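Below is one structure; the comments refer to it alone.
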Amino acid sequence: MDVQEEIKKAIIKVHPGVDESKITPEASFTGDLEMDSLSMVELSLAMEDSFGVTLPDEELADLKTVGEAAELIKTKMEK
Amino acid sequence: MPERVVITGYGAVSPLGLNLEDTWQKLIMGNSAIDYITGFEADNFNVRIAAEVKDFDPNAFMEPRTARYTDRFAQFAIAASKQAIEHSKITIDDENRYETGIIIGSGVGGIGSMEHQVGVLNERGPSRVSPFIVPMMICDNASGRVSIETGIRGVNLSLVSACSTGTDSIGIAYKMIKHGELKAALAGGTDASVTPIGVAGFAKAGALTRNNDPTSASRPFDANRDGFVIGEGAAVVVLETLTSALHRGATILAEIVGYGATSDAFHITQPLASGESAVRAIELALNGMSTEEIGYINAHGTSTPLNDASETRAIKKSIGSRAYSIPVSSIKSMLGHMLGAAGALEAIVCCKVIQEGLIPPTINLNSPDPECDLDYVPNVCRKAKVDACLTNSFGFGGHNSVLAIKRYS
């Protein structure tokens, strides 16, 4: 599974209208992608569904970039 | 000196059309929007009919991102508000944004979103609940979203008075403008409660008709009426001071000259049979206007046995013998009951009656009820020159709300 690609799909789903070309590993959620705290929580719910993992709200707060989210998901999936 | 308050624009999303003009054309043709429920599977419901808004595309009125996190009731409000602003040609800018307000209420709020998320909570647990559920369900999300979409920064309220909501929202905005608190306002109501819990709840309260024939179910003032048909939609007007309207060369559609609101202090769902508090509300709305001037009364006319009889009584008590020569009609016969939006759409219909010289009918009125003995404009629209109207709204909780609307001169 291409984690990065699945996260991109989840972002497009929960944050319609986002500039898809900006969804890179370096992209920051709140800056580059203009997501707010509510849409970040929506994203975590979508990622839970996509990857079958659990993402508590406190872990979400530490995520700054798409790449960081991908790393966290990969770690969780390996466990 | 109180300001005179005029209506300079309106917009609507209704079961008969996605704008006011389409809705009006269907109303004067006596067309009904009532049909079998399509929004959810209603086969095991006792009530299987409603007046639903059809083919509404929220993305035509707002960004897809906004639409995704906005309940249908607030989407309707955004659409109606944008239409009203366009119709009035008012510009919201740094000169007027803090002097312009929004009072758009809802009877029920985001009940569809609430229902969906309660399902998520029960099936998957609290950690799976959407972070948007609170903003999506609270009634003030309609006025809040409209503020974001329009840039209006004055008073921002969502007034809740059940089926009187639309009338009270316009009434309170009228009062604020009249007394100099605001120069202009968007005012109206919205609801989207044709959902499983909405239909089941109103049905169990005995408010909805048990007649599942869409063509005959809503029959205000008819002897065989047995409840209302639930509807949905939004209606919003632009109100402003006469000074402001004249200054910017706006087309003045009508003037609001009175608003009366009272409470029954009686029962949570039933109206006071004597209509005593409704009489007082009508008298307050008349605000010194002679009953001789009234050319049309837009009835609350829900098609429930109790409402139509007590409303008739209240009209006769407040107007006297002249009540028999005033046309009274209920557009709920065609639109169902749009709940919080109903009163606002009905106020707009009063403007149209004044402008167009046509009174929409009460359809399905075939069997006279001795308790309902006024001229209800049965079944076909009527030509009439009307210079002043009253529009009545009553709601669960004992609300009685009446607006008086006149031709501007």
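Taking the conditions exactly as written (buried (at least 17 other Cβ atoms within 10 Å of the Cβ), within 14 Å of chain A (Cβ to nearest Cβ), touching a residue at least 60 places away in the same chain (Cβ under 8 Å) and not in a loop (DSSP other than H, G, I, E, B)), does B:Thr70 satisfy them or not?
Details: buried (at least 17 other Cβ atoms within 10 Å of the Cβ): yes; within 14 Å of chain A (Cβ to nearest Cβ): yes; touching a residue at least 60 places away in the same chain (Cβ under 8 Å): yes; not in a loop (DSSP other than H, G, I, E, B): no.
Criteria not met by B:Thr70.
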* Asked: Given (1) farther than 30 Å from B:Pro58 by Cα; (2) of a type in the set (Val, Ile, Thr); (3) touching a Ser or Thr at 6+ places or on another chain (Cβ under 8 Å), where does A:Val53 come up short, assuming only one miss?
  -> (3)
* Structure fact -> Log entry, pairs with first residue in the stretch B:14-28 being assigned to a helix (DSSP H, G or I), second being aromatic (Phe, Trp, Tyr) and crowded, with 19+ Cβ neighbours inside 10 Å, beta carbons closer than 7 Å, six or more apart or on different chains, reads B:Leu20/B:Tyr10
* **Candidate set from the stretch A:54-67 (those that are crowded, with 16+ Cβ neighbours inside 10 Å and out of contact with any Pro (no Cβ under 8 Å at 6 or more places or on another chain)); member that is farthest from the other protein chains (Cβ to nearest Cβ)** => A:Leu63
* To do: Output the number of the condition that B:Leu157 fails; it satisfies all remaining conditions of (1) among the hydrophobic types (A, V, I, L, M, F, W, C); (2) within 14 Å of chain A (Cβ to nearest Cβ); (3) in contact with a strand residue (DSSP E or B) (Cβ under 9 Å, 6 or more places away or on another chain).
  => (2)
* Which residue pairs have Cβ atoms under 7 Å apart, sit 6 or more places apart or on different chains, and have a first residue in the stretch B:125-152 that is within 11 Å of chain A (Cβ to nearest Cβ) and a second that is among the polar types (S, T, N, Q) and assigned to a loop (DSSP other than H, G, I, E, B)? -> B:Met136/B:Thr70
* In the stretch B:261-309, how many are outside any loop (DSSP other than H, G, I, E, B) and without any contact (Cβ under 8 Å) to a residue 60 or more places away in the chain? -> 6
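Given the options B:Gly275, B:Gly295, B:Gly233, name the one that is at positive phi, surrounded by 17 or more Cβ atoms within 10 Å (Cβ to Cβ), of a type in the set (Gly, Ala, Ser) and out of contact with any Leu (no Cβ under 9 Å at 6 or more places or on another chain).
B:Gly275
Would you say B:Asn59 is more than 22 Å from B:Ile405 (Cα to Cα) and away from chain A (no Cβ under 14 Å)? Talk me through it step by step, then tell me what you get.
Details: more than 22 Å from B:Ile405 (Cα to Cα): yes; away from chain A (no Cβ under 14 Å): no.
Against the criterion (more than 22 Å from B:Ile405 (Cα to Cα) and away from chain A (no Cβ under 14 Å)), B:Asn59 does not qualify.
Every number here is computed from the coordinates shown, using simple stated rules; none is lab data. Predicted model only: the values in this text are computed from it and were never measured. With ideal geometry, Cβ positions are generated from the backbone for all residues, glycine too; neighbour counts draw on all protein chains shown.
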